[in-house]
1. Report, by residue number, each residue of the stretch B:1-17 that is within 17 Å of B:T83 (Cα to Cα) and more than 10 Å from the chain's Cα centre (by Cα).
2. Take B:D60 and decide whether it is of a type in the set (D, E), free of Cβ contacts under 8 Å to residues at least 24 places away in the same chain and either open to solvent by less than 20 Å² (accessible area, probe 1.4 Å) or within 11 Å of chain A (Cβ to nearest Cβ) (or both).
3. Would you please name the residue that is nearest to the other protein chains (Cβ to nearest Cβ), looking only at residues in the stretch A:57-91 that are open to solvent by 90 Å² or more (accessible area, probe 1.4 Å) and under 24 Å from A:M174 (Cβ atoms)?
4. Which ones in the stretch B:61-100 are closer than 19 Å to B:Q31 by Cβ and more than 12 Å from the chain's Cα centre (by Cα)?
5. Sort out which residues of the stretch B:91-122 are open to solvent by 10 Å² or more (accessible area, probe 1.4 Å) and more than 8 Å from every other protein chain (Cβ to nearest Cβ), and write them in order of number.
6. Anything in the stretch B:71-84 that is more than 14 Å from chain A (Cβ to nearest Cβ) and either open to solvent by less than 10 Å² (accessible area, probe 1.4 Å) or modelled with pLDDT of 95 or more (or both)? List them, or say none.
7. Go through B:L6, B:L49 for me and flag whichever is open to solvent by less than 10 Å² (accessible area, probe 1.4 Å) and within 13 Å of B:L112 (Cβ to Cβ).
8. I need the helices (runs of 4 or more DSSP H) fully contained in the stretch B:1-75, keeping only those with at least 1 residues that are farther than 22 Å from B:A92 by Cα.
Amino acid sequence: MEIKTLPIAELRKLLAAVSDHGKQHLIEVEADLLQTTYLLSEAIEKLSTSFTAVHEAVCEQQQVLDALVAKYAIEKPVLEKLETFKSKIGEEVNVAVTSLQFQDLTSQLIARTIKRVNGLKDLLHEVESHSNEMDPSHEHEEIVKFLEEISNSLQVGSHALSGGLRRSVGQKDMATGEIDLF
Amino acid sequence: MAKTILAVDDSGSLRQMVAFSLKAAGYDVVQAVDGQDGLNKAKEKTVDLVLTDQNMPIMDGLTLIKNLRELGSYQKVPILMLTTESSDEMKAKGKAAGANGWLVKPFDPKRLIEVVQKVIGS
């Protein structure tokens, strides 16, 4: 098949389809990320409430134990065992408090990802929006102009995406962070 | 009388963990949800220490510190940053704004208390 003219209409159709298809995927990605955010928020709220309630109960239990130890003659091995439990609970509470900070980190990462998804949606919209009518007598010039416009839009969009989204969470695990006193 | 610490963070769960840790060590804790809220609460009552996040809506941590340092009553009050940010560039900005220390999240309660005690005492 001999092509006498540039397949501009087909090119536009392809770009519009790519844009539309990409945006549909990104809409789903954004919806999943938002759902994850809600689930994590609800989980952390319940975990924190339960953690605080368990800690308060353990503290009250410890007060009862302390009163019993003061009132009755408890054998030394039992006292040592109670101290070991107390120490172990304290260590685990510290680990739990550190771990329960996960939502602060994940919510920042998810928010950043959602901004990137929206940036990509804007880029795809730009690809689709360059659909002005072309003058058939100046096909080559028109397609060059068309491609330049898309290229410029992508460049501006990419710059905005990389510039406005500085990485604020570099943590790879929930190990405690460093401390500097000035 | 217990010393009072202002904890500023937009994350409710983080504020809860900070308050839990500090209260267990005997400190009173005032909570604020962002820099502006922190500034308002700091003006209502001068606290002994400010512990603030960096990335927050409305007003970030560095801006809060700059605003606090302009208040006469906060020129010598210790201010610590507690943030996910860990770059040397951000730490330098914090120091320039008037922060006295930088703690990277997540924090360990025991180490947080050690730092607070070192800065303002028990």
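1. Step one: filter the stretch B:1-17 for residues within 17 Å of B:T83 (Cα to Cα), giving B:5-17.
B:D10, B:S11, B:G12, B:S13, B:L14, B:R15, B:Q16, B:M17, listed by residue number.
2. Details: of a type in the set (D, E): yes; free of Cβ contacts under 8 Å to residues at least 24 places away in the same chain: no; either open to solvent by less than 20 Å² (accessible area, probe 1.4 Å) or within 11 Å of chain A (Cβ to nearest Cβ) (or both): yes.
In short, no.
3. A:E91
4. B:T63, B:N67, B:Y74, B:T84
5. B:A92, B:K93, B:A96, B:A97, B:G98, B:I113, B:E114, B:Q117, B:I120, B:G121, B:S122, listed by residue number.
6. Hits for the stretch B:71-84 are B:Y74, B:V77.
7. Values: B:L6 fails: within 13 Å of B:L112 (Cβ to Cβ).
Checking each option against the conditions leaves just B:L49.
8. Working: elements: B:12-24, B:35-44, B:61-70.
Helices (runs of 4 or more DSSP H) meeting the threshold: B:12-24, B:35-44.
The values are calculated or read from the model by the stated rules, or taken from the named source; none is laboratory data. In this text, all values refer to a predicted model and were calculated from it rather than measured experimentally. Methodologically, a virtual Cβ is constructed for each residue, glycine included, from the backbone with ideal geometry; neighbour enumeration extends over all protein chains shown. In case anyone asks, the SASA skips ligands and DNA or RNA and just uses the protein heavy atoms, side chains included. Shrake-Rupley method; radii C 1.70, N 1.55, O 1.52, S 1.80 Å.
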